[in-house]
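Data block below; observations after.
Readers should treat all values here as calculations from the given coordinates under stated rules, not as data from a laboratory. Keep in mind the model is a prediction, meaning the values are calculated, not measured. Neighbour counts run over all protein chains shown; Cβ positions are idealised from the backbone, glycine included.
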Amino acid sequence: MLAQQLVNGVLLGAVYALFALGFTLMFGVLRVINLTYGFYFSAGALLALWMARQGAPIWLALPLAALGAGCVAVVLDWVLLTRLRRIQAPELSSLMVTLGGVLALYSALTSWLGPDIRRLPPDLVAADAFHIGEVRVTAAQLLILGATTLLVAALLALMRGTRLGLAIRAMAEKPDAAQLMGIDTGRAAALVSFISGCLAGAGGVLIGLNFNAIHPYMGEAMMLRGFVVIIVGGLGDIRGALLAGLALGVIEVMTAGYVSSGLKEAVAFLILVAVLWTRPSGLFGRAVLRRA
Amino acid sequence: MLRRSLLAVAVAATLAMAPPALAQGGAPIPVGAIEILSGPNAAYGTAIRAGLELALEEVNAQGVLGRKIALTVEDSAANKDQAINAARKLIGRDKVVAIIGPTLSNEMFAVGPVANERKIPIIGTSTTAAGITEIGPYVFRTSLPESDVIPVTLARAKARGVKTVALMYANDDAFSKSGFDTMKAAAEKAGLTILAIESFGSKDTDFSAQLTKIRALKPDAVSISALVEPVSGVLLQARQLGFGKETLFVGGNGSNSPKLGEIAGTAADGLLVGSPWFVGKDDPANQAFVTRFRAKNGRDPDQFAAQAYDCMHILADAITRAGAAEPAKIRDALLETKYSGVMGPFTFTQGRDPASTEGVVVLAMQGGKFGVAPQ
Amino acid sequence: MPPWLDDLLWTYQNLVYALGVNGLLALSMYVVLAVGQLSLGQAAFMGLGAYSSALMTLKLKLPFLAVLPLSVVVPVAFALVIGVPTLRLAGVYLAIATIGLGEVLRAVYLNVDLFGGALGLSGIPERATAWMIYGLLGLAMLALWLIGRSGIGRAMEAMREDETAAQVMGVPVQRYKMGALLASAMLAGLAGCLSAHVSSFIGPNEYGFEPAVTILSYVLLGGIGTPLAPVVGAWVLTLLPELLRGFSDIRLVLNGVIIVFAVLFLPNGLLAVRMKRIGARTAA
């Protein structure tokens with residue numbers, strides 16, 4: 001049982017990490033508490049659902065849905081936040097505008113598509129479980145694990161090894177200085193939105209596939225855990241998000257498996273509070289950043 | 001079968017052509033409903049509204065006391081304050097003579113006292129938690145409380161040789177928690193050994209830890225009290241984790257929805273659930289209801305729609321027998337209800353709960369659809 | 001009183017109560033934002049006030065005039081306990097930590113029988129009156145306005161603009177932060193007690209993440225220039241869903257769109273007026 005529980009924990013952790021990747025990037029670089037992130041997640045899943053119903057195979061639906069969610073993210077960022085950036089509005093008004101935005105977007109999506117849960121066509125990914133000893137893993141779960149690993153590697157390569165990554169990191173450190181150094185911060189912001197949107201969309205498809213439940217509010221339900229992961233991992237820290245996600249998944253599963261399932265949810269937040277009380281900028285965060 | 005659908009078509013056609021003059025004898029009778037029409041739980045409220053509106057067409061084609069019923073459906077967005085505001089608006093401004101709803105038991109605990117204070121009958125169609133009708137003498141419900149249904153289901157499970165059971169429930173909504181309390185008491189009363197009690201959140205999507213733990217204990221049955229979305233998730237993951245035919249799954253009221261088959265597919269096969277109603281129920285009244293519902297809404301009705309449909313008819317019947325559209329008389333007439341609808345014969349107890357449980361049938365999932373469970 | 005007026009008042013009674021209660025909650029958010037602290041524990045404090053006062057009424061049968069002042073005890077005690085380690089945090093870290101504490105409390109309500117689990121506490125008698133709610137709201141606004149005009153208000157504004165500079169200038173930053181947190185806990189506790197005693201039912205899901213964000217949005221929409229601004233924000237956001245009732249299914253869409261436009265064109269809040277005293281920029 002312990003082996004299976006550990007696998008359960010790692011898989012849940014991969015789900016959390018997958019959700020958090022784009023979130024931490026957006027949060028860390030653009031320095032805005034952007035509540036629309038969960039919407040890109042839902043949008044990706046719903047786009048993939050629509051394509052799969054038209055007969056598209058998963059290897060086509062997944063990247064297309066991710067790109068689609070990325071475009072949604074760029075448009076929303078432009079509509080909601082460009083004006084506020086230009087007039088250098090207080091940072092909390094960005095939070096407020098995305099709050100109004102998600103309320104409108106989720107409600108519009110719900111009244112358009114209906115609030116029901118939908119499922120992807122059952123034969124999209126083989127449903128059989130693989131046995132390794134007494135441990136069982138499904139194809140969708142392996143897909144999540146693989147995709148998370150791949151995306152983390154790709155993101156790290158982008159951030160560390162390209163000029164673009166350098167520009168994004170410069171922007172995360174000091175936006176004003178970055179602009180003076182000739183970085184087009186407007187374009188970089190759009191790009192970061194696009195990448196985060198793609199990551200969210202891909203996450204939505206894979207997680208929707210794994211739990212087989214796609215509905216307009218699915219992103220909203222992940223937001224709170226997402227916050228825990230990116231804060232514990234350190235804002236903008238991709239490796240931190242991965243580690244914090246995995247740790248959270250394993251701890252939650254172990255708590256439910258060996259202590260009490262009533263504590264499963266509380267334990268995430270107890271850890272969060274305990275981490276922050278001892279390390280005020282997250283477990284893997286570097287310095288206290290003064291940001292509202 | 002053919003004759004029945006012909007009959008249904010004929011009924012529908014007659015209704016569509018019914019001369020409006022028939023029902024015009026005075027100002028319409030104002031009736032209110034409070035349901036969740038927006039936000040994440042809107043699926044329940046919209047199903048209920050569809051059932052109410054279908055019944056309303058039929059009622060108004062006949063006329064009530066020579067008048068029509070004007071139904072105002074207000075949204076609560078699953079928010080306590082908005083539900084109270086809606087009730088006060090319906091009673092204070094629209095002067096409704098009765099209210100149907102609200103959707104959730106939690107909302108009824110807040111809204112029930114308001115209607116009761118103004119002596120306006122309020123009838124819950126989907127509020128199954130314990131203690132609802134104890135709010136006051138004007139609070140009714142037409143949904144069978146879980147305590148009437150679950151013992152029947154567990155008795156069937158026992159007859160199939162189940163001796164040990166694990167219980168699972170969503171611990172953060174009143175409906176699921178109350179259903180679990182009933183489930184636990186019923187399992188103890190039936191002499192079943194409870195091997196484990198595991199909870200989860202109603203918005204959770206991962207149940208692997210709880211299921212892995214339960215699987216190691218090898219219970220004969222797993223009994224789940226939650227709404228249909230998490231129940232579907234539990235079943236899908238249970239199959240992934242290797243639960244096979246040797247484990248019997250038992251559901252509470254929340255599992256009785258066509259969505260279970262839509263989401264969980266064949267993973268739900270074999271699940272037992274007790275219900276006064278299911279979509280394939282083979283009597284003319286129900287078949288006509290299902291046919292008309294499909295024609296109007298393009299999908300199958302669920303239990304919430306069926307309960308609402310009956311409730312609207314029960315209320316119209318009570319108003320007719322009361323002889324006047326006055327809340328106090330309607331309340332008295334409701335208590336004397338003897339109605340036969342799609343859920344079967346219906347009367348209220350003196351405690352304003354549904355009286356008869358004879359309509360409860362045990363259903364089993366097969367191929368993603370509910371049918372009467374084999375013995 | 002003519003019957004139509006009586007009916008009108010009865011119809012909007014809960015809305016009138018909610019406007020007052022949400023006004024108090026907005027002030028509870030305002031006092032922490034006024035010292036530059038993005039602390040989102042208001043919903044949690046409100047829950048503590050609501051549960052503790054409801055239990056005092058239901059189990060101990062205390063009179064409401066005793067329950068109301070006592071309802072601040074638990075929230076304030078909680079704020080004292082969490083204050084020292086939590087107030088070291090800044091910005092979003094503080095925000096998320098306080099949200100996390102709220103979620104921990106929610107788990108406690110769900111798992112401890114005394115609090116009724118998911119069924120919450122029902123049958124709470126209607127004890128609070130509009131006079132009490134608006135009296136307290138008026139008092140709180142007056143007190144905050146007087147503080148805002150005094151030297152303390154100037155120090156608070158300095159902290160909001162630049163905490164390090166304020167500390168260098170001799171402002172006792174930690175003490176002010178703690179004071180603001182305690183005041184916030186007190187106001188939210190009172191609001192919780194009042195709301196529990198006008199709506200007969202309280203449940204654990206009323207004090208989680210979403211309400212915390214809603215309370216924040218009152219202040220963000222209204223602005224933080226004066227104590228009146230957050231109250232106006234609360235009133236607008238409480239009235240909007242009721243005014244949009246006619247639109248049924250799409251009313252939340254309109255609600256969201258209105259918020260977006262309000263923020264895009266009035267990023268400093270609906271009431272961006274500043275107190276007369278200092279000519280500094282009002283920023284969040």
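Counting DSSP beta bridges in the protein assembly as shown, what percent are antiparallel, to the nearest 5?
40
Using θ = phi - 60° and the Karplus form 6.51 cos²θ - 1.76 cosθ + 1.60, what ³J(HN,Hα) does each residue of the stretch B:217-228 get, whole Hz, x for Gly and Pro?
3J(HN,Hα) across the stretch B:217-228, in whole Hz: 8, 6, x, 6, 9, 10, 10, 10, 10, 6, 6, 5.
First check a/c for the stretch B:117-167, with a ≥ b ≥ c the square roots of the eigenvalues of its C-alpha gyration tensor; if it is under 1.5, answer rounded, and if not, answer prolate when a/b is larger than b/c or oblate otherwise. Walk me through the numbers on the way to the answer.
Details: a/c = 4.89, a/b = 3.60, b/c = 1.36.
Prolate, since a/c reaches 1.5 and a/b exceeds b/c.
Give me A:Val15, C:Val81 ranked fewest to most by other Cβ atoms within 10 Å of their Cβ, as a rough exposure proxy.
Least to most surrounded, the residues fall as C:Val81, A:Val15.
Whats the longest run of chain B with zero GluC sites (Glu not before Pro) that are DSSP loop and have at most 12 other Cβ atoms within 10 Å? Walk me through the intermediate numbers first.
On the way: sites that count: B:Glu246, B:Glu336, B:Glu358.
Between the exposed loop sites, the longest stretch runs B:1-245.
Pairs of alpha-carbon atoms within less than 8 angstrom and 6+ residues apart define the contacts here; what relative contact order does the stretch C:13-208 have, in percent?
Working: 278 pairs, mean separation 93.5, N = 196.
Computed value for the stretch C:13-208: 48 percent relative contact order.
Taking amide H positions as placed in the peptide plane 1.01 Å from N, state which residues far from B:Ala33 in sequence (5 or more) or on other chains have amide H under 5 Å from it.
The answer is B:Thr72, B:Val73, B:Glu74, B:Ile100.
Please arrange B:Arg67, A:Arg160 by counting, for each residue, the other beta carbons lying within 10 Å of its beta carbon, fewest first.
So the residues, fewest neighbours to most, are A:Arg160, B:Arg67.
Could you list which residues have their amide H under 5 Å from that of B:Gln366, counting only those 5 or more apart in sequence or on another chain, with H placed in the peptide plane?
The answer is B:Gly270, B:Gly371.
List the DSSP H helices in chain C whose Cα atoms stretch 30 Å or more along the helix axis and whose mean Kyte-Doolittle hydropathy is at least -1.0. The partial results should precede the final answer.
Working: long enough: C:3-33 (44 Å, 0.95); C:91-111 (31 Å, 1.25); C:173-199 (39 Å, 0.91).
Membrane-span-like by this rule: C:3-33, C:91-111, C:173-199.
Specify whether the C-alpha gyration tensor of the stretch C:31-154 places it in the rounded, prolate or oblate class, a ≥ b ≥ c being the square roots of the eigenvalues: rounded for a/c under 1.5, otherwise prolate if a/b is larger than b/c and oblate if not. Walk me through the numbers on the way to the answer.
Values: a/c = 2.59, a/b = 1.22, b/c = 2.13.
Judged from the Cα gyration tensor, the stretch C:31-154 comes out oblate (a/c at least 1.5, b/c at or above a/b).
What's the angle, to the nearest 10 degrees (0 to 90), between helix B:105-117's Cα axis and the longest principal axis of chain B?
Between the helix axis and the principal axis of chain B, the angle is about 30 degrees.
Each residue of the stretch B:30-43 in order: what ³J(HN,Hα) in whole Hz does its phi give by Karplus 6.51 cos²θ - 1.76 cosθ + 1.60, θ = phi - 60°, with x for Gly and Pro?
Going residue by residue, I get x, 10, x, 9, 10, 9, 7, 10, 9, x, x, 9, 5, 4 Hz, with x marking Gly and Pro.
I need the phi-derived Karplus couplings for the stretch A:158-166: 6.51 cos²θ - 1.76 cosθ + 1.60, θ = phi - 60°, integer Hz, Gly and Pro marked x.
Working through the residues one at a time gives 4, 6, 8, x, 10, 4, 4, x, 4 Hz.
If a/c stays under 1.5 just call it rounded; otherwise compare a/b with b/c (prolate if a/b is bigger, oblate if not). Do that for the protein assembly as shown, with a ≥ b ≥ c from the square roots of the Cα gyration tensor eigenvalues.
Note, shape of the protein assembly as shown comes out oblate.
With the crude spin-label approximation of a point 7 Å out along Cα→Cβ, what separation in nm comes out for A:Leu166 versus B:Asn297?
Modelled inter-label distance: 6.1 nm.
Can you compute the charge dipole magnitude of chain B about its Cα centre, using +1 on each Lys and Arg Cβ and -1 on each Asp and Glu Cβ, nothing else charged? Give it in debye, rounded to the nearest 20.
Values: 38 positive and 36 negative charges, 86 e Å.
Around 420 debye, computed over chain B.
Can you tell me the mean projection area, over all orientations, of the convex hull of chain A's alpha carbons? Units nm², please.
In nm², the orientation-averaged hull projection of chain A is 15.8.
Report, in deg cm²/dmol and to the nearest 500, the calculated mean residue ellipticity at 222 nm for the protein assembly as shown, where each DSSP H run with n ≥ 4 adds -39500 (n - 2.57) and the sum is divided by the residue count.
Estimated from H runs of four or more residues: -20500 deg cm²/dmol.
Using Cα atoms only, what is the angle between the long axis of helix A:238-254 and the major principal axis of chain A, expressed in degrees (0 to 90) to the nearest 10?
It is inclined by approximately 30 degrees.
Mind putting a number on the dipole of the protein assembly as shown about its Cα centre? Charges go on the C-beta only, +1 for Lys and Arg and -1 for Asp and Glu, and I need it in Debye to the nearest 20.
1500
Taking 7 Å along the Cα-to-C-beta vector as the label spot, tell me the B:Lys119-C:Leu266 distance in nanometres, rounded to one decimal.
A separation of 4.5 nm, rounded to one decimal place.
Given R₀ = 25 Å, what would the calculated FRET efficiency be for C:Val273 paired with A:Gln88, taking r from the Cβ atoms and rounding to 0.05?
On the way: r = 20 Å, r/R0 = 0.80.
About 0.80, to the nearest 0.05.
How big is the charge dipole of the stretch A:2-278 about its Cα centre, in debye rounded to the nearest 20, if each Lys and Arg gets +1 on its Cβ and each Asp and Glu gets -1 on its Cβ?
On the way: 16 positive and 13 negative charges, 103 e Å.
About 500 debye.
Taking amide H positions as placed in the peptide plane 1.01 Å from N, state which residues far from B:Asp220 in sequence (5 or more) or on other chains have amide H under 5 Å from it.
Counting only residues 5 or more places away or on other chains, the set is B:Lys163, B:Thr164, B:Val165.
Which one of A:Ile231, A:Leu248, A:Val259 has its Cα pushed farthest toward the positive end of the charge dipole of the stretch A:190-292, where Lys and Arg give +1 and Asp and Glu give -1 at the Cβ?
Sorting the options by dipole projection puts first A:Ile231.
Can you compute the FRET efficiency between A:Trp59 and A:Ala157 using 1/(1 + (r/R0)^6), with r the Cβ-Cβ distance and R0 = 35 Å? Round to the nearest 0.05.
With R0 = 35 Å, the Cβ-Cβ based efficiency is 0.95.
What is the average number of partner chain Cβ atoms found within 10 Å of a Cβ in C:122-135?
The mean count of partner-chain Cβ atoms within 10 Å per residue comes to 2.
C:Leu9 versus A:Thr185, label points 7 Å from Cα toward the beta carbon: distance in nm?
Once both label points are built, they end up 5.6 nm from each other.
Which of the GluC sites (Glu not before Pro) across the stretch C:117-191 are loop residues per DSSP, with 16 or fewer other Cβ within 10 Å?
Taking the stretch C:117-191 and a limit of 16 other Cβ atoms within 10 Å, the loop GluC sites (Glu not before Pro) found are C:Glu126.
Return the lysines within reach of B:Lys281: Cα separation strictly under 18 angstrom, same-chain partners fewer than 8 residues apart disregarded; answer none if there are no such residues.
By straight Cα distance, B:Lys281 reaches B:Lys259, B:Lys369.
Picking from C:Leu8, C:Leu121, C:Val76, whose Cα lies most toward the positive end of the charge dipole for the protein assembly as shown (charges on Cβ: Lys, Arg +1; Asp, Glu -1)?
The residue sitting farthest along the positive end of the dipole is C:Val76.
May I ask you to list the lysines whose Cα is less than 19 Å away from that of B:Lys329, ignoring any residue fewer than eight positions away on the same chain?
Correct list for B:Lys329: B:Lys68, B:Lys95, B:Lys119, B:Lys338.
Quick one: helix B:80-92 against the long Cα principal axis of chain B, what's the angle to the nearest 10°, folded into 0 to 90?
Between the helix axis and the principal axis of chain B, the angle is about 20 degrees.
As a footprinting exposure proxy, order A:Ser260, A:Ser111 by other Cβ within 10 Å, with the fewest listed first.
Arranged by neighbour count, lowest to highest, A:Ser260, A:Ser111 become A:Ser260, A:Ser111.
What do you get for Rg/Rh of the stretch C:83-178 when both radii come from the Cα atoms and Rh is the Kirkwood radius?
1.12
Pairs of Cα atoms under 8 Å, at least six residues apart: use those to get the relative contact order of the stretch A:2-278, whole percent.
In percent, rounded to a whole number, it is 42.
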